[in-house]
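See below for the structure under consideration.
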Amino acid sequence: MFRSLRRALCAAAAALLLILAGVGAQTVHADPAAPEDRAAAPGAGYWHTSGRQMLDAAGQPVRIAGINWFGFETANYTPHGLWARDYKSMIDQMKSLGYNTIRLPYSDDLFKSGTVPNSIDFSGGKNADLQGLGSLQIMDRIVAYAGQGGLKVVLDRHRPDAAGQSALWYTSAVPESTWIANLKALATRYKGNSTVIGIDLHNEPHDPACWGCGDTTRDWRLAAQRAGNAVLSVNPELLIFVEGVQTFNGVSGWWGGNLMGVAQYPVQLDVPNRVVYSAHDYATSVAQQSWFSDPSFPANMPGIWDKYWGYIFKQNIAPVWVGEFGTTLQSTIDQKWLAALVSYLRPTGTYGADSISWTFWSWNPNSGDTGGILKDDWTTVDTVKDGYLASVKAPGFPSGGGDPGDPGDPGGGTAACTAAYTVSSDWGGGFNAEVKVTNSGTVALKSWKTTWTWPGAQKVTSMWNASYTQSGSTVIASNADHNGALAVGGSASFGFGGAPGGGGAPTVSCTAT
């Protein structure tokens, strides 16, 4: 988006982490005679492309349905929010909400010897294993923990330094040679770690950047080829994510959002099947565009997206990843825009992985003109905003970034799960709560359901990331399409509102299949 409009609103003081009430858990085993699905979960190993799809190491289609977590690219030199929470709890919450990938923006300042991460809270044991680490070492810890939980990571070279966004991929202080050297350093650092599936080469090239003009000082397509080949020369397994420009043949759009030039000038790399094109798209809370005032809005939007980047997917040229999109949702126009875009991305329940990938901007609440999935306390979820994305979320991936050839448990194993119920807020007239489901068995789960009975007259008023039925005081809640599959040790969470409050936390049973 326009960086002059989106300025991270860094907190002057750490927000307090909400104290969640704890509860007990109960285990129920599934019928051991029930047939188990032995197919490996999609996503293992490194990925490659085939036409418009991304495929995992076993050739299974996969889809990125993720979130941007920014901060490494700022003068904090570490993801934001660690002044309020432990990084592991942050990643756990991302996973529980059904996001399967983290896009991590960074700047080249991370490679300077004098860079020191700051604004991390170590009190009460928070972020204990980050103490004394440099920024790249913190990135290592985040990548490792994300991978353990089955999330993938895309590294995003967001800007040359913490001072701000640059139109071109280089500046007088950070020449192209430094940009490429640092890209290669990251590609080498994570070689063999398939949690990091790829690198977004440079965020939001814009005027005077061009696409296909042939001027090596301005032609982003040629620069992307140089950088992409350099990355693949040290780590040929990575995906190369290439954003658009602002203007092509006199037609302008969002920074990084114009990929019209791909039709005539595709990015061609030495290693085939590695290019993913990335578009950015925003609403009026970021800036006005002519299409928002068109009398046919929002019906005109699919045609706009087709023109700028959607044709790449529809013509089976290459995969498309909307690396950033977001809004405060304060205006009716923005609400209609987001609903239309989510529909355009193709609902997972209908199209599966044959869809456009995405990472929403942002996890952080301190993005000035979009806000985030988290509210200002860095803990509470904006369930309205998150709810818009429910239909295009996608399954998570196998944990650990391990060997895609691992056959897993060949001996039958046991399907089991536990569930823990936590009250996050209670104001008497109503309450909010969360249930965390964990695969406690020895085989991957296809689905799960939870059951509890309230001692009082509580009723569910709304629920997200699960479906439910209630009969009297007994509630049965089952997984949503995107969070039923759980690796061994993996977990998923769903939340709900209820009324009246004051009911405490019942014991929850969990049934796994």
Do the alpha carbons of any pairs in 436/459; 191/393; 88/336; 336/385; 375/446 sit beyond 24 Å of each other, and which pairs? 191/393; 88/336; 375/446
Report, to the nearest whole %, how much of the accessible area of the chain belongs to carbon and sulfur atoms, 1.4 Å probe, protein only. 53 percent
Loop only per DSSP, at most 15 neighbouring Cβ atoms within 10 Å: give me the trypsin sites (Lys or Arg not before Pro) in the stretch 272-353, ordered by residue number. none
If you count only protein heavy atoms with a 1.4 Å probe, what accessible area per residue comes out for the stretch 199-285, rounded to a whole Å²? 29 Å²
Once amide H atoms are built 1.01 Å from N in the peptide plane, which residues 5 or more positions from residue 380, or in another chain, come under 5 Å H to H? 375
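At a Förster radius of 41 Å, what calculated FRET efficiency corresponds to the Cβ-Cβ distance of residue 129 and residue 287, to the nearest 0.05?
For residue 129 and residue 287, the calculated efficiency is 0.50.
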Spin-label model distance (nm) - residue 185 vs residue 137, 7 Å beyond Cα toward Cβ: 1.6 nm
Using a 1.4 Å probe, what is the accessible area per residue for the stretch 96-189, in Å²? 34 Å²
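For residue 461 and residue 343, what is the calculated FRET efficiency with R₀ set at 22 Å and r taken between the beta-carbons, to the nearest 0.05?
The formula returns an efficiency of 0.25 here.
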Scoring only Lys, Arg, Asp and Glu (+1, +1, -1, -1) among other residues with Cβ under 14 Å from the Cβ of residue 500 yields 0
Toy charge model, Lys and Arg Cβ at +1, Asp and Glu Cβ at -1: the chain dipole around Cα centroid in debye, rounded to 20, equals 160 debye
Modelling each spin label as a point 7 Å along the Cα-to-Cβ direction, I'd like the residue 330/residue 178 distance in nm, to one decimal. 3.7 nm
Taking 60 Å as R0, compute the FRET efficiency from the Cβ-Cβ separation of residue 122 and residue 296 and round it to 0.05. 0.65
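Given a cut-off of under 8 Å on Cα pairs at least six residues apart, what relative contact order in percent is computed for the chain?
For the chain, the relative contact order is 20 percent.
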Would you mind calculating the relative contact order of the stretch 216-328 from Cα pairs under 8 angstrom and at least 6 residues apart, reporting the percent as a whole number? 26 percent
Positive-end extreme of charge dipole, the chain - chosen from 275, 77, 171 (charges on Cβ): 275
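Provide the per residue accessible area, probe 1.4 Å, for the stretch 455-513, rounded to a whole number of square angstrom.
Result: 39 Å² per residue.
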List, in order, the whole-Hz ³J(HN,Hα) value for each residue of the stretch 469-485 obtained from phi through the Karplus relation with A = 6.51, B = -1.76, C = 1.60 and θ = phi - 60°; use x for Gly and Pro. 10, 10, 10, x, 9, 9, 10, 10, 10, 10, 4, 7, 4, 8, 10, x, 6
Value of [θ]222 nm, deg cm²/dmol, for the chain, DSSP H segments ≥ 4, -39500 (n - 2.57) each, nearest 500: -5000 deg cm²/dmol
How about the stretch 417-513: which chymotrypsin sites (Phe, Trp or Tyr not before Pro) there lie in a loop by DSSP and see at most 12 other Cβ atoms within 10 Å? 427
Evaluate the distance, in nm, between pseudo-label points positioned 7 Å from the Cα of residue 446 and of residue 273 along their respective Cα→Cβ axes. 2.9 nm
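The values are calculated or read from the model by the stated rules, or taken from the named source; none is laboratory data. Keep in mind that this is a model prediction, so the values were computed, not measured. Positions of Cβ are backbone-derived with ideal geometry, glycine not excepted, and every protein chain shown enters the neighbour counts. SASA here: full protein model, heavy atoms, side chains in, ligands and nucleic acids out. Shrake-Rupley method; radii C 1.70, N 1.55, O 1.52, S 1.80 Å.
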